[in-house]
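Peer 1: Sharing a structure, written as structure tokens. Questions coming.
The values are calculated or read from the model by the stated rules, or taken from the named source; none is laboratory data. Small disclaimer: the values here were computed from a predicted structure and weren't measured. Heads up, the Cβs are rebuilt from the backbone with ideal geometry, glycines too, and the neighbour counts pull from every protein chain shown. Quick note on the areas: whole protein, heavy atoms, side chains included, nothing else; ligands and nucleic acids left out. Shrake-Rupley method; radii C 1.70, N 1.55, O 1.52, S 1.80 Å.
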Amino acid sequence: MRRLCLCLTLLILSLSAISQQEADERRARDFSANGAYDKALEIYQKLYNKGANPEYYDPYISLLLQAKKFNEARELTSALMATDPESPVYPVDLGRVYQQQGFSERTDSLYKSLFRKLPKDEFRIREVAAAFYRANAYDYAVTTFTYGRKILGNDQAFAFDLLALYRYKKDRLMLISEYIHVLTFNADETIRRQAENSFFALFESDEHYGLLEEALRKAIKKRALQPELTKLLAWTCLQQGKYEDALNLLIGLDKKTGSDAKSIFTIGTTAFERNAFKEALPAFEYIAAKGSSAPLYDAAKARILFCKTEILSLANSTQEESDRLTQEYRDFINVTEDVEIKAVSLSKLASFHAYKLRGSTEAEKILQQALALPGLSLEMKNNIKLQLGDFSVLTGDIWEATLIYSQVEKDTEEASVKQEARFRNARLSYFRGDFIWAQAQLNDLKVATDQMLANDALNLSLLISEHTQSKMDTLALQAYARADMMVLTKRFERAFAILDSAESAGIGGSLADDMLMLRARIHLGMADYARAAEVLERITERYPLGIWADDALFLLGYTYETLKDIHKARACYEKIIINYPGSLFISEARIRFRSLRGDPLG
């Protein structure tokens with residue numbers, strides 16, 4: 001019984017001691033966090049001195065240095081060096097003491113002695129480098145690894161350790177050099193992707209990409225065939241908007257290896273999405289020139305036509321050029337066996353006739369041809385029918401458009417298509433100035449399954465509810481709705497005239513941010529991207545909490561992509577991710593941010 005009582009007493013005392021130790025440790029951390037370093041030091045000194053507990057060594061030595069108690073710090077590290085001569089931690093900390101005392105030469109001499117004593121042992125070399133890293137002596141950690149390479153006789157050793165250090169130090173030049181070194185000996189796609197991500201995160205200007213481009217060109221010149229370095233150089237050119245250079249590099253590589261058609265197609269697609277249609281065209285032409293049996297042939301042929309369509313749509317094209325393009329579409333549609341590509345091509349041709357050539361009758365015939373295609377998917381059929389409705393809006397036949405939209409809504413079981421058709425009908429009511437009926441339809445669409453559609457419905461609903469409170473507001477909204485309809489039908493000059501007239505009459509004040517957004521859309525429709533960027537910048541600066549804030553920021557990113565200012569585009573998408581986490585654009589912003597970084601998508 002006595003023995004049991006004794007054991008219980010000892011256990012209680014032990015638990016009490018542990019509890020007191022934990023309480024002291026918490027107090028020391030709190031003191032340190034609040035800047036009461038002397039009090040924290042006093043506690044850690046007691047904790048450490050209870051059996052030289054190594055758990056408290058790091059905070060103890062750090063507080064000694066912070067309190068400038070250099071003699072005590074030197075005595076502590078020297079004593080530990082004597083008891084544990086194999087550990088690199090204590091001589092590194094002694095070097096910290098010398099450094100803070102102003103004895104840099106002693107520090108340097110001490111650290112160099114560590115390098116000289118490095119054994120031909122990878123684990124030991126890493127241990128010394130880790131000691132330097134722990135002490136924030138990153139340059140010495142780098143030196144340890146580079147010195148270790150020489151000792152081991154292996155210039156590929158510690159590559160990823162060095163890459164991590166260069167990233168942490170933001171040493172762009174050495175990061176470039178090391179990645180080129182690694183890829184030269186290990187041509188691995190995963191490593192190249194990692195390099196692209198690292199450079200994207202670290203580089204802030206074209207000057208940085210210029211340094212990478214110069215280094216890569218020198219490295220490639222020294223070696224006959226370096227596929228991953230060549231692809232990295234193509235990516236670098238793409239980040240600077242140098243589509244032609246990027247394309248030429250990949251075409252050259254494809255001619256040697258015959259394995260880069262997909263990369264070339266991706267370059268073309270990227271350029272097309274950034275509205276660089278002339279730069280995108282050669283990529284698709286190169287793939288199509290491989291012949292009809294080559295992979296991606298039909299897709300490339302279709303995109304050649306799409307590029308030409310966009311180029312002619314933005315230019316003062318002649319009737320001869322338009323007829324030639326129409327015939328090229330016809331020739332392609334007659335030979336391709338891919339029904340979806342055929343339908344999309346007919347849809348693009350119809351839009352060209354409707355909006356560029358103002359040939360609505362011919363446009364409708366083309367769409368009817370698309371609807372008659374055997375094996376056409378239900379989704380594509382519905383999209384073409386909705387497009388027919390849009391063409392009726394273009395010709396001013398609002399009732400026909402309403403009938404078409406209503407028919408699509410009635411005939412389909414697909415919820416997203418039903419909601420899209422209903423939204424277009426609601427928008428027609430808004431265009432006509434029938435705001436009460438439009439609002440009634442929009443109320444149901446605020447919870448649409450398609451988030452972007454729900455967002456559009458919510459924005460239009462708010463626009464109507466906020467600007468129909470007075471007669472003056474309603475007059476302004478009617479003018480705005482007419483201008484909005486002109487934008488939809490690509491009558492941009494007419495849209496500008498309506499907005500100018502409303503502002504001159506002094507009835508557009510309550511719609512100031514909305515009118516700015518509409519002006520930005522008009523500039524985008526006219527391919528005046530520089531002016532569009534100016535207007536969108538104004539919206540983001542003046543109305544950061546407004547209804548159009550995230551919309552404007554997303555469009556601004558897209559506009560900067562078109563202007564080949566990749567850094568500003570990236571900043572816009574990043575702002576959406578950080579500042580507007582609830583935005584419906586956040587998923588697409590993440591995708592575009594990753595796309596600019598060069599991540600493989602899909």
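Peer 1: In whole percent, what relative contact order does the stretch 469-601 give with Cα contacts below 8 Å and a gap of six or more residues?
Peer 2: Numbers: 140 pairs, mean separation 19.8, N = 133.
Relative contact order of the stretch 469-601: 15 percent.
Peer 1: Can you send over the solvent-accessible area of Phe200, 1.4 Å probe, protein chains only, in Å² to the nearest 10?
Peer 2: 0
Peer 1: Grab the beta carbon distance between Asp444 and Thr269, set R0 = 45 Å, and tell me the FRET efficiency rounded to 0.05.
Peer 2: My answer for the efficiency is 0.80.
Peer 1: Another one. Modelling each spin label as a point 7 Å along the Cα-to-Cβ direction, I'd like the Asp331/Met174 distance in nm, to one decimal.
Peer 2: About 5.9 nm, to one decimal.
Peer 1: While we're here: Between Asp121 and Thr184, what is the FRET efficiency for a Förster distance of 30 Å, r being their Cβ-Cβ separation, to the nearest 0.05?
Peer 2: 0.70
Peer 1: Right, another one. Taking the highest mean first, how do the peptides 259-269, 229-239, 461-471 order by number of other beta carbon atoms within 10 angstrom per residue? Each step should come with its number before you reach the end.
Peer 2: Numbers: 259-269: 19.7, 229-239: 24.1, 461-471: 15.1.
Top to bottom by mean Cβ count within 10 Å: 229-239, 259-269, 461-471.
Peer 1: Taking Cα centroids, how far is the stretch 492-527 from the stretch 222-243 in Å?
Peer 2: After rounding, the separation between the Cα centres reads 44 Å.
Peer 1: With a cap of 11 neighbouring Cβ atoms within 10 Å, and only residues DSSP puts in a loop, list the GluC sites (Glu not before Pro) found in the stretch 307-378.
Peer 2: Numbers: sites: Glu310, Glu320, Glu321, Glu328, Glu337, Glu340, Glu362, Glu364; in loops: Glu337.
Sparse-neighbourhood loop GluC sites (Glu not before Pro): Glu337.
Peer 1: For labels at Ala67 and Arg590 in the simple 7 Å Cα→Cβ model, what's the distance in nm?
Peer 2: In this crude label model, Ala67 to Arg590 measures out at 4.8 nm.
Peer 1: Along the Cα→Cβ direction, 7 angstrom out, place labels at Asn316 and Glu379. What is the inter-label distance in nm?
Peer 2: With each label placed 7 Å out from Cα toward Cβ, I get 4.2 nm.
Peer 1: In the stretch 469-601, with Lys and Arg counted as +1 and Asp and Glu as -1 at Cβ, which of these residues, Ser583, Ser510, Ile547, has the Cα nearest the positive end of the dipole, that is, farthest along it?
Peer 2: In the stretch 469-601, that residue is Ser583.
Peer 1: Shifting gears a bit: Placing unit charges on C-beta atoms (Lys and Arg positive, Asp and Glu negative, everything else neutral), compute the dipole magnitude of the stretch 424-569 about its Cα centre in debye, rounded to 20.
Peer 2: Result for the stretch 424-569 is approximately 400 debye, rounded to the nearest 20.
Peer 1: On full extension of the chain, what length is gained from Glu493 through Asn49, given 0.36 nm per residue of separation minus the C-alpha to C-alpha distance? List each step's numbers first, then the result.
Peer 2: Working: separation 444, 0.36 × 444 = 159.84 nm, distance 8.30 nm.
Here the answer is 151.5 nm.
Peer 1: Evaluate E = 1/(1 + (r/R0)^6) for Ser504 and Ser416, where r is the Cβ-Cβ distance and R0 equals 30 Å; express this FRET efficiency to the nearest 0.05.
Peer 2: 0.15
Peer 1: Now a separate question. Quick one: Debye curve from the C-alpha atoms of the stretch 411-504, no solvent, what's log10 I(q)/I(0) at q = 0.13, 0.17, 0.20 Å⁻¹?
Peer 2: Reported log10 I(q)/I(0), two decimals: -0.46, -0.75, -0.96.
Peer 1: Eigenvalues of the Cα gyration tensor times 5, then square-rooted: what semi-axes does that give for the stretch 469-601, in whole angstrom, largest first?
Peer 2: Semi-axes (√(5λ), whole Å): 30, 16, 11.
Peer 1: Something else about it: Suppose we keep just the alpha-carbon trace of the chain; what are its Rg and Dmax in angstrom?
Peer 2: 33.8, 112
Peer 1: Here's another thing I want to ask about it. Tell me which GluC sites (Glu not before Pro) from the stretch 184-286 have a DSSP coil assignment and no more than 13 other beta carbons within 10 Å of their own.
Peer 2: Listed in order of number, the matching sites are Glu204.
Peer 1: Could you sort out which of Lys356/Lys410; Lys221/Lys242; Lys301/Lys564; Lys255/Lys290; Lys221/Lys568 sit more than 22 Å apart by Cα distance in this structure?
Peer 2: Values: Lys356/Lys410 31 Å; Lys221/Lys242 20 Å; Lys301/Lys564 25 Å; Lys255/Lys290 11 Å; Lys221/Lys568 32 Å.
Check vs 22 Å cut-off fails for Lys356/Lys410; Lys301/Lys564; Lys221/Lys568.
Peer 1: Can you tell me how much longer the chain between Ile398 and Asp434 gets when fully stretched, taken as 0.36 nm per residue apart minus their C-alpha distance, in nm with one decimal? Please list the in-between numbers first.
Peer 2: Values: separation 36, 0.36 × 36 = 12.96 nm, distance 1.28 nm.
Length gained, Ile398 through Asp434: 11.7 nm.
Peer 1: Do the sum for the chain: with -39,500 (n - 2.57) for every DSSP H run of n ≥ 4, divided by all residues, what is the mean residue ellipticity at 222 nm, to the nearest 500 deg cm²/dmol?
Peer 2: Only helices count here, giving -25000 deg cm²/dmol.
Peer 1: Could you tell me the distance between the Cα centroids of the stretch 428-448 and the stretch 466-484, to the nearest Å?
Peer 2: Here the two parts' Cα centres lie 14 Å apart.
Peer 1: Return one whole number: the accessible area per residue of the chain in Å², for a 1.4 Å probe. Kindly include the intermediate steps, with their values, before the conclusion.
Peer 2: Values: 30360 Å² over 602 residues.
Heavy-atom accessible area per residue stands at 50 Å².
Peer 1: Roughly speaking, what is the stretch gain from Val339 to Ser104, that is 0.36 nm per residue apart minus the C-alpha to C-alpha distance, in nm to one decimal? Intermediate results must be reported in sequence, preceding the final value.
Peer 2: Numbers: separation 235, 0.36 × 235 = 84.60 nm, distance 7.49 nm.
Working it through step by step, the gained length comes to 77.1 nm.
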